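Chemist: Sharing a structure with you now.
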Amino acid sequence: MNVLAGKHIALGVTSSIAVYRACDMVRLLRSAGAEVHVVLTRHATEMISPKLFASLSGQTVAVDDFGTGASYKHLDLSKSDLLLVLPATANFIGKAAGGIADDLLSTTYLATNPKRVMIAPAMNTRMWEHPALQRNLKQLAAMGSQLLMPENGNLACGDVGMGRLINLGEAMDAVEYYFTPHDMRGLKVLVTAGPTKEAIDPVRFISNHASGRMGIALAKNAWLRGAEVELISGPTERKAPLGVKVTKVVTAIDMHAAVLAKIDVADVFISSAAVSDFRPEAASVTKLKRGKTKTMELKLILNPDILADVGNRRNATQTIIGFALESTLDTVEAKRKLKAKRADLIVLNTTKALASKRNQVILVGEDSVEDLPEMFKEQVADRILDRIVALRKAGKR
Ligand code: CTP
């Protein structure tokens, strides 16, 4: 779903030290298809050239020039689909909260419906903690604007604490959330993702090539579509999206326990993890030595089947989605797994999907087989979620 395509976003840039990161934000918004109109405060223009933003955005940049002609720039900008102020200084936040409009950005803010405004503060920790600033933030939130909360970390001035501008990936998640239709609102979705790791000794383990990309895309897109999402993730390098609650696990036993602890309140369960079917019977507490023998035996025992256990205790209103990872697109085997694990839908894919950005899947239901073309996993995720929405609408679950 390319929800930012063709959207007009006014990007207000103020004179925080994080001002340079607004350049990357322009790039991210544009590459997602949005048209970005930058408005710089006078102090921001002393830190960074409007010409840079003009080149990056491909649009004229609005600055405080108070020229001689009639100027309604603030009114034009206020008609944007979204006003994002990133970075926002304490000064801008104070003016916005108090309704003071004494320059182009603050007049643009005052002419905009506060529900169409997002504000990403960035400042020194002591300013962040000041009661006046905190009061102003509360005021902005009460008026319906969304705050993109800063992070805790190293600040440009050398201090460490709250006030560092939000990670831009998370800011993008928030913007996408704003524009995505929330057709999964009210649903509690539980997703498993990634591989599991089963220790042989403190150094070695059994695992697989799963990257977690598919499960994280499902979790992210379900959240973007308004669902309340919990992700139970095996070890993966990939970052979870802004609004998703994550539980990190390592082994199949841990994942099994985490899922069973949360499944009863879930409306939807999506089992996309590549769970190790076996684990060493007993992990050695010390490193196994090379020794002198030419072979070595490792006794493995079967791990619990998480999806099957969920299927066995499912209630009538839950929707359960499993995957089938096969060497070929074998729909007979997918149908077998659908029945054996009491799922509503099996997403059949092949081992080519592992560690790839793209996937070709067949959605196998009780009496349906939908063959999808190869596409990015994020797009596959949306097709799976479409099916979940349709299943629930049809009252099948
Ligand atoms: N699954 C699970 N727990 C396991 C193994 C698999 O929850 N211990 C889930 C997977 O997340 C997936 C589905 O079961 O949704 C099918 O997984 P797959 O690896 O395709 O099949 P297996 O059941 O492991 O059977 P086989 O390895 O024989 O194909």
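Derivation of every value follows stated rules applied to the coordinates shown; laboratory data play no part. This structure is a prediction, so every number in the text was calculated from the model and none was measured. Here Cβ is always computed from backbone atoms with ideal geometry, including for glycine, and neighbour counts include all displayed protein chains.
Chemist: State the number of residues belonging to the stretch 353-369 that are surrounded by 14 or more Cβ atoms within 10 Å (Cβ to Cβ) and either within 14 Å of the ligand (Cβ to nearest atom) or part of a strand (DSSP E or B) (or both).
Modeler: Going through the stretch 353-369 one residue at a time, the tally reaches 9.
Chemist: Please tell me if residue 323 is aromatic (Phe, Trp, Tyr), touching a Ser or Thr at 6+ places or on another chain (Cβ under 9 Å) and either within 16 Å of the ligand (Cβ to nearest atom) or at negative phi (or both).
Modeler: Yes.
Chemist: Which of the residues spanning the stretch 333-354 are out of contact with any Asp or Glu (no Cβ under 7 Å at 6 or more places or on another chain) and among the hydroxyl-bearing types (Ser, Thr, Tyr)?
Modeler: Answer for the stretch 333-354, where residues must be out of contact with any Asp or Glu (no Cβ under 7 Å at 6 or more places or on another chain) and among the hydroxyl-bearing types (Ser, Thr, Tyr): just 351.
Matching residues to (1) surrounded by fewer than 21 Cβ atoms within 10 Å (Cβ to Cβ); (2) aliphatic (A, V, I, L, M):
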{"site": "232", "(1), (2)": "no, yes"}
{"site": "238", "(1), (2)": "yes, no"}
{"site": "258", "(1), (2)": "yes, yes"}
{"site": "314", "(1), (2)": "yes, no"}
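Chemist: Which one is farthest from the chain's Cα centre (by Cα), of the residues in the stretch 276-294 that are more than 16 Å from the ligand (Cβ to nearest atom) and surrounded by 10 or more Cβ atoms within 10 Å (Cβ to Cβ)?
Modeler: For the stretch 276-294, the residue satisfying everything is 288.
Chemist: Considering only residues that are within 19 Å of residue 78 (Cα to Cα) and in contact with a Lys or Arg (Cβ under 9 Å, 6 or more places away or on another chain), which ones fall in the stretch 112-151?
Modeler: Within the stretch 112-151, 112, 143, 144, 145, 146 qualify.
Chemist: While we're here: Among 173, 201, which is of a type outside the set (Val, Ile, Thr) and more than 21 Å from the chain's Cα centre (by Cα)?
Modeler: Numbers: 173 fails: more than 21 Å from the chain's Cα centre (by Cα).
None of the others qualify; the one that does is 201.
Chemist: Looking only at the stretch 91-111, which residues are more than 20 Å from residue 73 (Cα to Cα) and touching a residue at least 60 places away in the same chain (Cβ under 8 Å)?
Modeler: The one that is more than 20 Å from residue 73 (Cα to Cα) and touching a residue at least 60 places away in the same chain (Cβ under 8 Å): 91.
Chemist: Right, something else. Would you check if residue 2 is under 21 Å from the mean Cα position of the chain (by Cα), farther than 17 Å from residue 168 by Cα and among the polar types (S, T, N, Q)?
Modeler: Spelling it out, residue 2 is indeed under 21 Å from the mean Cα position of the chain (by Cα), farther than 17 Å from residue 168 by Cα and among the polar types (S, T, N, Q).
Chemist: How many residues does the stretch 301-313 contain that are more than 9 Å from the ligand (Cβ to nearest atom) and free of Cβ contacts under 8 Å to residues at least 40 places away in the same chain?
Modeler: Number satisfying all stated conditions: 3.
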